Amino acid sequence: MMTGESDKKEVPTSSVSWLLILEGIVLFIGLPLVEYLEANFLPKLVLLVLVAVYCGYMLWHDPTFGRGLFRRSDDDQISKTILLRLLIIAPGLLGLAWLLHPEDLFAFPLERPWIWMLVMVLYPFFSALPQEFIYRTFFFHRYKDFFYFKNSDILLSALAFSFLHIVYGNWLAVALSFGGGILFGMTYKRTQSLFWVAMEHVIYGWLIFTLGLGRYFYEGF
C-alpha cells in the first residue's frame, strides 16, 4: 500500500488532469482540425492508425486498464439489440440515400464490384476498428474521471467522434457520425467490449457504402 500511495503522489492530481485535458484537445480537436485544413502530410488512415497505436501504448502501460478488449459476454442479448437497431435505422438510411442521390443507390457494388469488395474487406481493419479503439475504448477509460454526469461519456465521445468527420468537409458525415457515436457509445458502455462496438460500426459502414452514401465518407480510402 505504501508503494502505491507514494507512486500516486509523485505527480499532483491537478497536473495529471491538465495533461489529460491537453492530450484530449490535441487528439480530438487539434488533429481533426489539422486534417480539415489540409496541413498534414500524412494520409488520413495512416494518421488514424498512428493515433490508435499511441492510444494502445498508453493503455498498455496503464495498470488500471483491463485486457479483455474483445470480451463477448451476453452475446445473445447484445446481438439482438444491435439487430433491432439495424432493422429500425437501415430503412432510414435507405430513404436518405434515395432522397439525396437516387442515381447512386446500390451503384457502388453494381458498377464497381471489385473496389466495393476491397472496401468491404479493408474498412473493418483500417477504419472501424481503430476508430472504436480510440473513441470508445481509449476515450471511455482515459477520461473517465471527467465524466461527471450520467451518460456524459457517451455524449462526449459522440461529439468527439462526429468532430473527427469534419475532415470530409460535409455536414452529413458529421451528423450521421454523431448519431452513430451515440449508438456505439451505448453499446460499448453496456458491454465494455471492443469486439461488439467495432462489429456494430462495421455493419453501418458497410451499409452506408453499399447504399450509395459513401461519397460523404469515401475520401479516407
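Bear in mind these aren't lab numbers, they're just calculated from the coordinates by the rules spelled out. Bear in mind the structure is a predicted one, so any value in this text is a computation, not a measurement. Ideal geometry is used to build each Cβ from the backbone, glycine not excepted, and the neighbour counts take in all protein chains shown.
What the table shows:
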{"item": "Karplus-derived HN-Hα couplings along the stretch 130-141 (A = 6.51, B = -1.76, C = 1.60, θ = phi - 60°), whole Hz, x at Gly and Pro", "result": "x, 5, 5, 5, 6, 8, 10, 4, 5, 4, 5, 7"}
{"item": "Electrostatic dipole magnitude of the stretch 2-220 [Cβ: Lys, Arg +1; Asp, Glu -1; Cα centre; debye, to 20]", "result": "400 debye"}
{"item": "Sequence-distant residues sharing a close amide H with N170 (under 5 Å, placed H)", "result": "none"}
{"item": "Fewest-first ranking of T81, T210, T187, T64, using other Cβ atoms within 10 Å as the exposure measure", "result": "T64, T81, T210, T187"}
{"item": "Taking S17, S193 and counting other C-beta atoms within 10 Å, the order from fewest to most", "result": "S17, S193"}
{"item": "Cleavage-rule hits, chymotrypsin sites (Phe, Trp or Tyr not before Pro), the stretch 25-54, DSSP coil, Cβ neighbours within 10 Å at most 12", "result": "F41"}
{"item": "Stokes-Einstein D (µm²/s) once Rh is taken as the Kirkwood radius of the chain over alpha-carbon pairs, at 20 °C in 1.002 mPa s", "result": "115 µm²/s"}
{"item": "Cα-based helix-to-principal-axis angle, 13-25 vs the chain, degrees rounded to 10", "result": "20 degrees"}
{"item": "Qualifying chymotrypsin sites (Phe, Trp or Tyr not before Pro) for the stretch 66-159 [loop in DSSP, other Cβ within 10 Å: at most 13]", "result": "F70, F106, Y148, F149"}
{"item": "Selection from Y148, Q131, V51 lying farthest towards where the dipole of the chain points positive, charges on Cβ", "result": "Y148"}
{"item": "Least to most buried among L213, L164 (fewest other Cβ within 10 Å first)", "result": "L213, L164"}
{"item": "Count of lysine pairs in the stretch 2-220 with Cα separation under 26 Å (8 or more residues apart, or interchain)", "result": "6"}
